[in-house]
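Note sheet for the following structure.
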Ligand SMILES: [Zn+2]
Ligand SMILES: [Zn+2]
């Protein structure tokens, strides 16, 4: 599958993915959607209370970066996250050794972005969740260095229901 490089805002990101979903060959009981690396970027990320996580003053990979507060080993510092999905040019104020688990917080209200119970399917670390427009969610692993360079939609049946219900995107990064 080839998708031309294009700018996809948060609003139509979910639509693109849901339409892509049904064009792909199925493999057994799960569908994996592989979006060509670095063709999607996040434009409208928010904390659960609605504070923007975008930092228009900081560009990474050519787009405004996301800015969140990190908590690790009793320290706090800001990290700028690469807004391009599949790209990980993150820039952190505090050094996090590979393999360590951090917690992400909203820089405005300091609410934790950690999900209640969900863990990474790869390494079982707690996940963070970032709100996108139209009920979308971007989820990722909080273990430093654990990411996948592709977008996954798992459990096709459940995913279809959640797509109908709220354009929920599960992303492992
Ligand atoms: Zn907030
Ligand atoms: Zn992980």
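The values are calculated or read from the model by the stated rules, or taken from the named source; none is laboratory data. Only a predicted model underlies this, so the values are computations on that prediction, with no experimental measurement involved. Please note: Cβ atoms are built from the backbone with ideal geometry, for glycine as well, and neighbour counts cover all protein chains shown.
If the condition is being over 10 Å from residue 142 (Cα atoms) and either away from ligand 1 (no atom under 16 Å from the Cβ) or exposed (fewer than 14 other Cβ atoms within 10 Å of the Cβ) (or both), then the range 112-122 contributes 116, 117, 118, 121, 122.
Only strands (runs of 3 or more DSSP E) wholly contained in the range 67-147 count here; list those with 2 or more residues that are touching a strand residue (DSSP E or B) at 6+ places or on another chain (Cβ under 8 Å) and within 13 Å of ligand 2 (Cβ to nearest atom).
On the way: elements: 75-81, 103-105, 114-119, 126-131, 137-141.
Ranges flagged: 114-119, 126-131, 137-141.
Out of 101, 96, one residue alone is in contact (Cβ under 8 Å) with a residue 40 or more places away in the chain and over 20 Å from residue 83 (Cα atoms). It is 101. The sole residue among 74, 62, 86, 136 that is touching a helix residue (DSSP H, G or I) at 6+ places or on another chain (Cβ under 9 Å), at pLDDT below 95 and more than 16 Å from ligand 1 (Cβ to nearest atom) is 136. Of the residues contained in the range 148-168, none is found to be at positive phi and at pLDDT 90 or above.
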